[in-house]
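First comes the structure, then the notes that go with it.
The values are calculated or read from the model by the stated rules, or taken from the named source; none is laboratory data. In this text the structure is predicted, and so the values were computed from the model without any measurement. All Cβ positions, glycine included, derive from the backbone under ideal geometry; neighbour counts span all protein chains shown. Calculation scope for accessible area: heavy atoms of the full protein, side chains included, ligands and nucleic acids excluded. Shrake-Rupley method; radii C 1.70, N 1.55, O 1.52, S 1.80 Å.
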Amino acid sequence: MTLSEEAKDRLADVVELQPTKNSELQERWEMDSGSEVHQFLENELGDYYFRDDNSLIRATAEAAELVDVEPGIESDPDDGAPSKIRVPELQARIVAVLAGPEEESESVVSVLHKLRDEYDVDAEAEDVRSGLQSLRRKGVVEVEYRTVPTFRLTVERDDLEVAVSD
């Protein structure tokens, strides 16, 4: 299957963002709907992606080789825990301020205030929530349900290399 330049660029996004959802790709690709994303995936990238047991979109090994892009997540071969992630800047900052694995989990609003204090960013709560959920899908954040969902890292900050993607 020969891919157009647009398809290769979008395949690189799938490799980088995996595991991901239609909504993340919709935002990245500036599409109008998740079904438009699904159509593109099926029609243009059908041989290069799959959905895992949680219906998250992942690239095949062949896809990663084809586009020569670092995957969005790399795991420690010994214990399977994430050891390296490539994420947008807001998510990298979330990792930097979020409670560690042995600390009490914290709410989206708490993380938002820490981001504002530490980085003077004007993020919206929904952006922080979305970033936390994306990091959860990558396995570096866990959620604990109390009165509201709360979050903390699953790995020690020093054991995780975080690179900012474009």
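Brief remarks on what is shown
- Counting only lysines at least 8 places from K138 when in the same chain, those with an alpha carbon closer than 18 Å to its own are K21, K84.
- Backbone N under 12 Å from the S35 label point (7 Å along Cα→Cβ), restricted to the stretch 46-68: none
- To put it simply, the accessible area of the stretch 102-166 at a 1.4 Å probe is 41 percent carbon and sulfur.
- Contact order for the stretch 20-67, expressed relative to its length and based on alpha carbon pairs under 8 Å spaced 6+ residues apart, stands at 30 percent.
- Placing unit charges on each Cβ (+1 for Lys and Arg, -1 for Asp and Glu) gives the stretch 1-109 a dipole about its Cα centre, and among I94, M31, V108 the Cα reaching farthest toward its positive end belongs to M31.
- Relative contact order (%) - the stretch 1-89, alpha-carbon pairs under 8 angstrom, separation at least six: 32
- Against the main long axis of the alpha-carbon atoms of the chain, helix 125-137 sits at an angle near 70°.
- Simple Cβ-charge dipole of the stretch 95-146, Lys/Arg +1 and Asp/Glu -1, about Cα centre, in debye nearest 20: 300
- Expected 222 nm ellipticity per residue - DSSP helices of 4 or more, -39500 (n - 2.57), all of the chain, to 500: -13000 deg cm²/dmol
- Probe 1.4 Å, protein heavy atoms only - accessible area per residue of the stretch 6-101 in square angstrom: 50
- A simple charge model with +1 on the Cβ of Lys and Arg, -1 on the Cβ of Asp and Glu and nothing else charged puts the dipole of the chain at about 460 debye relative to its Cα centre.
- Label-point separation in nm, E142 to D117, each point 7 Å along Cα→Cβ: 2.4
- Each 5 Å bin from zero holds the following percent of Cα-Cα pairs in the stretch 30-132: 2, 10, 14, 17, 18, 16, 13, 9, 2, 0.
- Axis angle, to the nearest 10 degrees, between helix 108-119 and the longest C-alpha principal axis of the chain: 90 degrees.
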